[in-house]
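What follows is a set of notes on a single structure, which appears directly below.
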Amino acid sequence: MFGLAAAFFITALVYASAGFGGGSTYNALLVLADTDYRAIPILSLCCNIIVVALGSWRFARAGHIDWRRIWPLVILSAPLAWLGGRLKVPELMFVGLLALSLLVSGLLMLWHPRWQREGDDPRRGKWLEPVAGGGLGFLAGVVGIGGGIFLAPLLYMLRWGSERAIAGTCAWFILVNSIAGLAGQLSKDNARVATALVDHWLLFPAVFGGGLIGSLLGSQRLNPKHIRVVTAVLVLYVALRLWLRLYNETLGAPS
């Protein structure tokens, strides 16, 4: 458990510096640690909420969140994250969706031909943000993450604003979706939840410490471009580990 807590601490530190919660990697680490997959989204979302609550506060204090621009992103994402969290999915589908989402998000974070310019893209339709937010919220609820790791590449490609403004927006988006997704997950009949929370209690102070340090560095000191690249590489590495596990459990299994 101490090794897993150390991995969660590092994950929270790295992700919080970019405005993320780390939910996708928490999920992957718990899968690789053979945690009961039905308890994984709840553990991950609890850690997410701890980290992005700190991040939202830090980025808001530093003036990097424009509250008037955020509501179109969350107006549909929150209820759809709750709905996604209520769905019961088989274990292989859960791991497959998680691995695929990590792979796509990691590649999108590395692909940035239009990420160098700031400011609004006037060609963006007003309908795009609510629809995109809703879709990402639903996927986030199913997989048990906040969805910010998918939102960030979209905001960069739309030239939403500065990198720290995007990080602050993602932190708030993740916080809202994580709370809604957790409510949906807790509504399911899962007797293992309480046991899993007690057994993994060390993860919560670990992500609190990592999130506290990471959000401070990201909101004030570190270069967000470097953070984005490091995060993308980490995401792709974990996605590869999950794909290998999925292969071994399905196609690699003897017939």
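Every number here is computed from the coordinates shown, using simple stated rules; none is lab data. Every value quoted in this text rests on a predicted model; they were computed, and no experiment measured them. A quick note on method: Cβ atoms are made from the backbone with ideal geometry, for glycine too, and the neighbour counts reach across all protein chains shown.
The slack between residue 197 and residue 183, meaning 0.36 nm per residue of separation minus the straight C-alpha distance, is 3.5 nm. Restricting the calculation to alpha carbons of region 139-189 gives Rg and Dmax of 12.4, 43 angstrom. Label-to-label distance for residue 71 and residue 244 is 4.8 nm, based on points extended 7 Å past Cα in the beta-carbon direction. As a ratio to 2.2 N^0.38 Å, the alpha-carbon radius of gyration for region 2-249 is 0.92.
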